[in-house]
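The structure appears below as structure tokens.
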Amino acid sequence: MVKAAAGEGLLRAQAEGCKRCPQLVASRSQVVFGSGAVDADLMFVGEAPGATEDREGVPFVGASGKLLDELLTGIAIDRSQVYIANVLKCRPPDNRDPRPDEIANCFDYLERQVEVIAPIVVVTLGNFATKLLRADDTGITEIHGQVEECTVGARTVWLYPVFHPAAALYRRPNLELLRTDFAQLPALIKRGAPEQAPLSSSRGTRREDEEPVVKTAPPESPEPEGTDDDGKPQLDLF
Ligand code: URA
């Protein structure tokens with residue numbers, strides 16, 4: 001716990017000084033690194049901070065965050081028990097989608113975040129996080145609710161893709177799918193962490209009946225999704 005807190009703090013300080021993406025550096029109010037329990041068993045990865053998050057410096061505090069809190073309450077988990085991060089740590093200007101170069105620039109922060117938090121389960125919220133961590137272009141509509149073993153950096157976790165909360169705000173029927181997928185989380189956490197892969201810094205997934213394999217494809221350009229807290233709808237949700 002002390003080690004995780006120190007590791008997370010160090011990483012946070014590095015990210016807060018990050019200047020890898022000039023456009024994001026120019027437009028951000030602050031870096032939104034992550035929040036929650038540094039020893040969490042359950043970690044969420046969203047897309048990028050929105051307007052509210054950029055203002056407050058905390059991920060998922062706008063409309064999507066309120067729904068995330070509600071979904072967690074529905075499975076008797078408090079937000080303070082989980083760790084929440086995003087693919088991008090800086091808000092893209094005008095709520096545009098994260099660009100592939102930005103995703104690539106930010107990826108090692110996410111890898112190292114997963115390593116220091118060392119969760120059992122990583123829930124990817126929507127297409128951007130799912131495609132990035134699976135290193136595969138399969139969309140969230142097809143893959144949501146399907147658990148896979150996934151190696152992120154040096155940590156092997158249960159990867160669990162679900163719709164982004166914004167997709168449920170935008171299209172109400174998705175809320176039922178989200179609730180159904182969330183209902184599986186307590187049992188998934190109870191499984192405990194998968195066997196840890198031999199040390200290698202990479203990522204990739206495998207079904208439970210497959211031999212371990214680690215994919216090393218470069219970051220994809222995931223599809224956009226959802227609305228942001230400004231209420232601006234984004235296309236290609238599903
Ligand atoms: N807020 C976040 O922090 N991330 C998202 O993906 C959406 C809203």
> Which net charge results for the neighbourhood of GLY192, defined as the other residues with beta-carbon distances under 13 angstrom from its beta-carbon, given Lys and Arg at +1 and Asp and Glu at -1?
Replying inline: -1
> Dividing the convex hull volume of the alpha carbon atoms of segment 23-117 by its residue count, what do you get in Å³ per residue?
Replying inline: 87 Å³
> Please report, for the Cα atoms of segment 1-54, the Rg to one decimal and the Dmax as a whole number; what are they, in angstrom?
Replying inline: 12.7, 35
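We did not get these values from a lab; they are worked out from the coordinates using the rules stated. These figures come from a predicted structure and were not determined experimentally. Positions of Cβ are generated from backbone atoms using ideal geometry, with glycine treated the same way; all protein chains shown enter the neighbour counts.
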